[in-house]
Amino acid sequence: ASLYGLDRWGDPYFSVNGRGHVMVQPRGDRGGSLDLVDLVQELQGRDLSLPLLIRFDDILEDRLERLHAAFERAIAQYGYAGRYQGVFPVKCNQQRHVVEQLVESGRRWHFGLEAGSKAELLIALSLVDDPEALLICNGYKDRRYIETAILARRLGRQPVVVIEQADEVARIIAASQELGGAPLIGVRAKLSTRSTGRWGSSVGERAKFGLAVPDLLATVQALEQAGLLGELRLLHFHIGSQINDIAVLKDALQEAGQIYVELTKLGAPMGLLDVGGGLGVDYDGSRTATAASKNYSLQNYANDVVATVRECCAAHGIAVPTLVSESGRAIASHFSVLVFDVLGTARPPGAVPAEQPQEPLMVRNLRETLATINAAPAAGGHASCDTLQEAWNDALKFKDDALAAFRLGYLSLPERAQAEQLTWACAEAIAARLAGLPEGTSIPEDLLALQAALASTYYANLSVFRSAPDTWAIDQLFPVLPIQRLDERPMGLGSFADLTCDSDGKIARFIGTGQEKSLLELHAPRSGEPYWIGLFLAGAYQEVMGNLHNLFGSTNAVHIRLGTGGNYVVDHVVRGDTNAEVLEVMEHDPKQLLERLRLASEEAIGRGHLAISDARRLMAHLRASLDQTTYLAS
Ligand code: PLP
């Protein structure tokens, strides 16, 4: 487990059991666990093939509980005379079952939703029927969006229209006048606080959203003139996703706290301070201010929000606001695990080719080098490192000579193959020697790199572009590890290549201790036994950002709930896209495609190129594949 950092990032939801399998504790430390390997096996028995997205709804609920508990503790600790009332940003995961689950689980805290578009607003308005829950309306807004929010208030909902662009205020005023009623209004401030990390550009003068201070003042004036200042209730800021340094958050909170106080002084009733999203996830468990981590806990976060806002308000004798956050990643990352299978592996050919009569000089030289490596002292420490290093340099030189000779026509293709095979055999022999050296022997860098050169490619039954697009688009790191054989030392290093015909379709960046690594310790798959890999903490943003590259569609997904007595319930099954479905997305008509192929096979039968029985077989395959998943049958 420590090899994959599971003991650092997995707590409290993932661990390893005595069988070397990943265990899932969906309710964290409140008891109950599931063996992930057994679960996958049983789901496969229900005809749910891999790749499979397993959503643990208990984890989702536990995340909500932890978030609220952290704010409740902070509120009690600092004697904060207000409360916390969060919303979930729908953009983070719009899947119906996920949003429904969050709304249901969040009912006891009047937990609401944040929408960033009209479609998301539709979801929010229809699902959140609690009159006390907030519906935060962010993003660009046209007149229809604003009118919808105004009218929805009459349904007993609480949509807060957050002004993000200076020109929105005129539309809000016009719509309010025409409809004879206003929405609850919020303003998003463009903070000057400098953020760090991948989403740092969400703040500062060039940020896409938010009102700079002059625009903020102009907005307040315009609302006042229109008699709408009484509806200005909320100040919002968002300094980017995955805040990795708590110091940045503190600065932003201080700045926003002062703006809040000033807005109150200008006569706005206010009452809500929305600190946006950004609560980070510790993907590598290092607890550092790096892209894959964060240097604070959930409790630190809640404490800082509560304490800073309290301090700002107390200094000016102003009532503290209800605190709102729009945490997405921190709520939704942990609950889904993608499990995919390995279809095969490839590694450089290391077998020693049989000796031929009259081998060219370069090939003979390589054979001698291999013999030198094999004869090197087994545990000779530095001395044997020097011999190995020298031998490797020789091997590379002889290989280059062989390639040059091939280019000039002095070496045949089989002879070149022999030279390449012998070079890899040298590399393997050196790697085996290095593995036998006493621990602590310092190994030259070139020889370490050689181990990487011998790494295997594991062919993965998934599309990175569909299931983990951030690994490709923004170099996001997710914990990836085999879910079985964790009690067995892995045999070597490897990385994953996906099913797409795209060289970017790979997973070749992994969490390490402190530093990321390009190769992962993996086992040699055993024949007839599946080797399943889990990609963890990917419940936020991946599904909606995933695309249909090479027409690989959505994977099968299931919602699992822990039952009583150690069993589980499969709450929902969401079947992945079939080939027909992805074809239709691209405007192809599957029936028409089949008909064209039927006509082509008739023609081939007519020309005597295809037997009728083969034509029937071909058509049966084509018809069946339309109804099947876009992934490979393992
Ligand atoms: N609120 C706004 C306005 C956002 O743009 C985002 C996403 O970046 C979020 C909330 C959610 O952020 P996170 O998932 O980091 O909590």
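The values are calculated or read from the model by the stated rules, or taken from the named source; none is laboratory data. Remember, it's a predicted structure, so these values are computed and weren't measured experimentally. Here Cβ is always computed from backbone atoms with ideal geometry, including for glycine, and neighbour counts include all displayed protein chains.
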Give segment 317-338 a look and list any residue that's within 30 Å of residue 52 (Cβ to Cβ) and among the polar types (S, T, N, Q), or say none. 327, 333, 336
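Kindly establish whether residue 401 is acidic (Asp, Glu), touching a residue at least 24 places away in the same chain (Cβ under 8 Å), under 30 Å from residue 94 (Cβ atoms) and not assigned by TED's automatic domain parsing to the domain that holds residue 66.
Values: acidic (Asp, Glu): yes; touching a residue at least 24 places away in the same chain (Cβ under 8 Å): yes; under 30 Å from residue 94 (Cβ atoms): no; not assigned by TED's automatic domain parsing to the domain that holds residue 66: yes.
The answer is no for residue 401.
For every residue, the table says whether it meets (1) away from the ligand (no atom under 16 Å from the Cβ); (2) within 30 Å of residue 554 (Cα to Cα); (3) under 24 Å from the mean Cα position of the chain (by Cα); (4) assigned by TED's automatic domain parsing to the domain that holds residue 276.
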residue	(1), (2), (3), (4)
62	yes, yes, yes, yes
76	yes, no, no, yes
82	yes, no, no, yes
89	no, yes, yes, yes
92	no, yes, yes, yes
100	yes, yes, yes, yes
104	yes, yes, no, yes
Identify, by number, the condition in (1) part of a strand (DSSP E or B); (2) at pLDDT below 95 that residue 23 doesn't meet. (2)
Within segment 436-490, count every residue that is assigned to a helix (DSSP H, G or I) and hydroxyl-bearing (Ser, Thr, Tyr). 2
Quick check on my filter: what residues within segment 264-305 are in contact with a Leu (Cβ under 8 Å, 6 or more places away or on another chain), at pLDDT below 95 and surrounded by fewer than 22 Cβ atoms within 10 Å (Cβ to Cβ)? 291
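Free of Cβ contacts under 8 Å to residues at least 40 places away in the same chain and away from the ligand (no atom under 16 Å from the Cβ): does that describe residue 354?
The answer is yes for residue 354.
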Sole exception among (1) at pLDDT below 95; (2) under 19 Å from residue 335 (Cβ atoms) for residue 467, by number: (1)
Residue, farthest from the ligand (Cβ to nearest atom), within segment 120-130, restricted to residues that are out of contact with any helix residue (DSSP H, G or I) (no Cβ under 7 Å at 6 or more places or on another chain) and modelled with pLDDT of 95 or more: 126
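Rundown of residues vs (1) more than 29 Å from residue 59 (Cα to Cα); (2) surrounded by 18 or more Cβ atoms within 10 Å (Cβ to Cβ); (3) of a type outside the set (Asp, Glu), yes/no style:
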site: 524; (1), (2), (3): yes, no, yes
site: 560; (1), (2), (3): no, yes, yes
site: 575; (1), (2), (3): no, no, yes
site: 591; (1), (2), (3): yes, no, yes
site: 611; (1), (2), (3): yes, no, yes
site: 622; (1), (2), (3): yes, no, yes
site: 625; (1), (2), (3): yes, no, yes
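Which residue is surrounded by the most Cβ atoms within 10 Å (Cβ to Cβ), if the candidates are limited to segment 135-148 and must be more than 12 Å from residue 89 (Cβ to Cβ) and within 16 Å of the ligand (Cβ to nearest atom)? Can you show your working first?
To start, the set of residues in segment 135-148 that are more than 12 Å from residue 89 (Cβ to Cβ) comprises 140-148.
From what's left, within 16 Å of the ligand (Cβ to nearest atom): 140-141, 145.
On the way: 140: 13, 141: 25, 145: 20.
Result: 141.
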Segment 53-101, residues that are closer than 21 Å to residue 467 by Cβ and in a loop (DSSP other than H, G, I, E, B): 93, 94, 95
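Does residue 537 satisfy being closer than 30 Å to residue 59 by Cβ, of a type outside the set (Gly, Ala, Ser) and touching a Gly at 6+ places or on another chain (Cβ under 6 Å)? Quick ask: steps written out before the conclusion?
Details: closer than 30 Å to residue 59 by Cβ: yes; of a type outside the set (Gly, Ala, Ser): yes; touching a Gly at 6+ places or on another chain (Cβ under 6 Å): no.
Answer is no for this residue.
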For segment 1-50, how many residues are surrounded by fewer than 21 Cβ atoms within 10 Å (Cβ to Cβ) and in contact with a His (Cβ under 8 Å, 6 or more places away or on another chain)? 2
Condition check: crowded, with 16+ Cβ neighbours inside 10 Å, of a type outside the set (A, V, I, L, M, F, W, C) and in the same structural domain as residue 283 (by TED's automatic domain parsing). Does residue 384 satisfy that? no
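Filter the helices (runs of 4 or more DSSP H) completely within segment 238-348 down to those with at least 3 residues that are of a type outside the set (A, V, I, L, M, F, W, C) and within 16 Å of the ligand (Cβ to nearest atom). Before the answer, list the steps.
Details: elements: 246-265, 298-315, 329-332.
Passing ranges, in order: 298-315.
Conditions tested, residue by residue: (1) in contact (Cβ under 8 Å) with a residue 40 or more places away in the chain; (2) not aliphatic (A, V, I, L, M).
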site: 405; (1), (2): yes, no
site: 408; (1), (2): no, no
site: 418; (1), (2): yes, yes
site: 424; (1), (2): yes, yes
site: 428; (1), (2): yes, yes
site: 438; (1), (2): yes, yes
site: 441; (1), (2): yes, yes
site: 445; (1), (2): no, yes
site: 452; (1), (2): yes, no
